[in-house]
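The values are calculated or read from the model by the stated rules, or taken from the named source; none is laboratory data. None of the values given here were measured: they were computed from a predicted structure. Note: ideal-geometry Cβ built from the backbone for every residue, glycine included; neighbour counts use all protein chains shown.
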Amino acid sequence: MDLQIGHILPAIQVRSEDITCTRCGQRTTKKRAALPANHYFCPKCKMLGRISTLNVLYTIPESNEFAQILNPLTWDGELSVFQTQCAQDLKKVVQRKGNHLLWAVTGAGKTEMLFDALEYAIQRKMRICIASPRVDVCNELFPRLKKAFEQVDILLLHGRQQQKYRYTQIVVCTTHQLLNFRQAFDVLIIDEVDSFPFVNNKLLNHAVKTARKKISALILLTATPTKELLAEVRKNKMTFSYLPVRYHGHVLPFPKTRIVREWESKLERGKLPLKMIKIISKWVEEGFPFLIFVPRIALLEQTYMALKKYVNSDVRGATVYANDPERIEKVKKLREKKLIFLITTTILERGVTFPNLNVLILGAEDKVFTRSALVQIAGRVGRSAQRPVGDVFFLCQSLTRSIKGALKQISFLNKKGRQLLK
């Protein structure tokens, strides 16, 4: 690629009362952004490396200098009739360079439904980015795309891996990494668009706008769309596809709720609720892997130590949370059956797939378990065609609005799914 510089931009624009960062588009008061000698920095995007009035930003026009690949798709799977319709919609979006929302239940096969659109874009030397707010989602997507497009150079970018940046036709990255691009992509796909930290984040929404070309396709993927996204569809600001059944033709497992009083005080005494013990004992006997979600990091070790009292020593498990240095390795061990269970925070609510999984949420009434989080957690179960069913339990002290909302949404999706399957 010819690396001639197209534009030199000031990193920080200074006004009388505040400064604006060219990279992230955010405004900050001069007082907060002040450096010595009348210089200023941006505190909003410093996680990507500090920039200040001492810096400039270089941008290079996208040249799309990629090798011509006539048959890039090496995936030999087949889509269902319902998946095919969504895949055709996505291809049309890329062809006309529009904006589109794909609402598909967890386990519907959103990645595979992208393949036709991606093949079309690759054949025409378009540059493509698939971004997600979650590192785990990126780590899941990357090998699947590498396998599906073996001839295409694909780069994985996020803060937890060592791969250096290079110019590639496809980039898989966290949404924060989009701040490093300017009018770079012909096709920009955001997976899990409703999840933290992307949802309602001005900085990351700015990153999406600046990373894509002025004439480009934007595809948003979600299993739990926000009211704001659906409002955009109603206003005809984006087109829309909807799939309420999973790739294997089954609907979502419906969660079972169990009321457990004073579960935290039991944990403090090293005990688990009796209802939870019975559920876990059954799962261990059946030999299926399972996830236990708790609302706070402080509860991870308590739950783990209490659980170990009720299972044999050969039932191996671990705890995991967002900043756990062994997080990726532990997830890998569960997938490889080296662990039977993980006790986790909401960090594993989405973007991870394990066959034959069961799930339990302890303290589902906690505010951290929003409606969308509960739906996503339930969606970890039944993703395998070999076992399209499984157990989902919400253990709570009371039925909150979020729990009722999640049950209502899953019931609605399953009703629509069954109608579609008739």
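For every residue, the table says whether it meets (1) assigned to a helix (DSSP H, G or I); (2) in the same structural domain as Lys110 (by TED's automatic domain parsing); (3) farther than 19 Å from Glu349 by Cβ.
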{"position": "Ile377", "(1), (2), (3)": "yes, no, no"}
{"position": "Gln386", "(1), (2), (3)": "no, no, yes"}
{"position": "Val389", "(1), (2), (3)": "no, no, yes"}
{"position": "Ala406", "(1), (2), (3)": "yes, no, no"}
{"position": "Gln409", "(1), (2), (3)": "yes, no, no"}
{"position": "Lys415", "(1), (2), (3)": "yes, no, yes"}
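Each residue in segment 274-312 was checked for being at positive phi and modelled with pLDDT of 95 or more, and 0 pass. Evaluate segment 308-327: report whether one residue or more is surrounded by fewer than 17 Cβ atoms within 10 Å (Cβ to Cβ), aliphatic (A, V, I, L, M) and outside any loop (DSSP other than H, G, I, E, B). Looking through segment 308-327, none of the residues is surrounded by fewer than 17 Cβ atoms within 10 Å (Cβ to Cβ), aliphatic (A, V, I, L, M) and outside any loop (DSSP other than H, G, I, E, B).
Taking the criterion of being over 24 Å from Ser398 (Cα atoms), part of a loop (DSSP other than H, G, I, E, B) and out of contact with any helix residue (DSSP H, G or I) (no Cβ under 6 Å at 6 or more places or on another chain), the residues of segment 231-288 that qualify are Lys235, Asn236, Lys237, Arg246, Tyr247, His248, Gly249, His250, Gly287, Phe288. The test for being closer than 23 Å to Ala322 by Cα, at pLDDT 90 or above and either in contact with a Ser or Thr (Cβ under 9 Å, 6 or more places away or on another chain) or crowded, with 20+ Cβ neighbours inside 10 Å (or both) holds for Ile190.
For segment 57-91, the set of residues classified as without any contact (Cβ under 8 Å) to a residue 24 or more places away in the chain and not in a loop (DSSP other than H, G, I, E, B) consists of Val81, Thr84, listed by residue number. Residues that are surrounded by fewer than 17 Cβ atoms within 10 Å (Cβ to Cβ) and either among the hydrophobic types (A, V, I, L, M, F, W, C) or at pLDDT 90 or above (or both) within segment 244-256 comprise Phe254, Lys256, listed in sequence order.
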